[in-house]
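*Asks:* The structure that follows is given in the form of structure tokens.
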Amino acid sequence: MEIKFADSFWKSLKVMARHQTWWYKTYEVFRYKIPMFFENVWYFRKVLWRFRSWDYTFNLMMLSKSLEKTAHTLEFHGFEIEETKNKKVEKIKRVIEIINSLNESNYITRAEEQLGELRGVEFWEDKEDTPEDKEHNKKVFDLSSKMEEDEWSELFVILKGQNHQDYAKLMDNATEEEKMKTDLWNKWFDGSGMKHWWD
């Protein structure tokens, strides 16, 4: 059997070799890297202005802002098939939503929407809350704490992603016909796992 290389193969090798030269790397700095740097500064300007190093919420704000761009790129400029791409975009948007909730610390408000507003006397009034008010407020605070803990856990479950050993087991248990007829990966993959958020 004779092996032949297409012209495009040799052209690709020439392009790869050219990209390693000093003059191309210099060109690349001025043509791509410096403009991208200023584009990034502009994109992150509000987050950069607010960023401080003493609190995790600022780190989450940076992550959220970068994920907004990733979600947009995947959704509107990605080459991946719709089925898996849409799952990724959905999970990324959920992470952004969770981060926004954590940064806004809106859990008491959300708990009040479900259970009713906090009750009680104002601090300037010389009275005590009734036992019913105290019980109601405790329920609101408990629910808000649970909502925050649940979303914090969900955030890291999404970022970590699925266990790939489960997929390997699925493949091991599938018949040859199932492997040929269906795309098991697309059915199994739920869009989670930050390592998969690329195009």
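*Asks:* Consider VAL89 carefully, then state whether it is over 26 Å from GLY191 (Cα atoms), in a helix (DSSP H, G or I) and hydrophobic (A, V, I, L, M, F, W, C).
*Replies:* no
*Asks:* Among the listed residues ILE92, ILE81, identify the single one that is in contact (Cβ under 8 Å) with a residue 24 or more places away in the chain and surrounded by 13 or more Cβ atoms within 10 Å (Cβ to Cβ).
*Replies:* Going through ILE92, ILE81 in turn, just one is in contact (Cβ under 8 Å) with a residue 24 or more places away in the chain and surrounded by 13 or more Cβ atoms within 10 Å (Cβ to Cβ): ILE92.
*Asks:* Are any of the residues in the stretch 145-158 in contact with a Gly (Cβ under 9 Å, 6 or more places away or on another chain), modelled with pLDDT under 90 and either surrounded by 13 or more Cβ atoms within 10 Å (Cβ to Cβ) or of a type in the set (A, V, I, L, M) (or both)?
*Replies:* There is no residue in the stretch 145-158 that is in contact with a Gly (Cβ under 9 Å, 6 or more places away or on another chain), modelled with pLDDT under 90 and either surrounded by 13 or more Cβ atoms within 10 Å (Cβ to Cβ) or of a type in the set (A, V, I, L, M) (or both).
*Asks:* Would you check if THR109 is without any contact (Cβ under 8 Å) to a residue 12 or more places away in the chain, in the same structural domain as ILE158 (by TED's automatic domain parsing) and either closer than 30 Å to TRP185 by Cβ or among the β-branched types (Val, Ile, Thr) (or both)?
*Replies:* Taking the combined requirement at face value, the residue satisfies it.
*Asks:* When only residues in the stretch 187-199 that are in a helix (DSSP H, G or I) and within 15 Å of ASP166 (Cβ to Cβ) count, which is modelled with the lowest pLDDT?
*Replies:* Looking at residues that are in a helix (DSSP H, G or I) and within 15 Å of ASP166 (Cβ to Cβ), I get LYS187.
The values are calculated or read from the model by the stated rules, or taken from the named source; none is laboratory data. All values reported here derive from a predicted model rather than from experimental measurement. FYI the Cβ positions are ideal-geometry reconstructions off the backbone, even for glycines, and counts take in every protein chain you see.
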